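A quick write-up on the structure given underneath.
Bear in mind that the values in this text are calculations on the coordinates, not laboratory data. Quick caveat, the model's predicted, so the values are computed rather than measured.
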Amino acid sequence: MITIEEFKKLNIRIARIKEVIDHPGADRLYVVRLVIGEEERDVVAGIKKGYNKEELLGKLVAVVENLEPAVIRGVESKGMILATQDGETMAILSPDKPVATGSIVK
């Protein structure tokens, strides 16, 4: 278990997917360009099995913004798109109403 204070350290925000490219070194990964408020950043996401590029473009997603950057198969990832998986079904966590990019998830 984690405390509420530990949970509050997570900076989860809403981002819009601007661009999706195949990861150059991995079959199951995309490199996703996100717009979070006024900022753009790339994240590496293991969501290729559940989504094609076209259905991701423009989608609003929840992203952990303050995750320490990591190099994943040679590409730097600056955050994590939140998703769930139930067997073969993958689902990205997304707001059910339009909200501004950069909005804080509480």
* Please give every one of the lysines within straight-line cross-link reach of K49, meaning a C-alpha to C-alpha distance under 22 Å, and leave out same-chain neighbours fewer than 8 residues apart. => K18, K59, K78
* Calculated Cα extents along the principal axes in Å (choose from (1) 37, 33, 28; (2) 39, 28, 21; (3) 45, 39, 25), label -> (1)
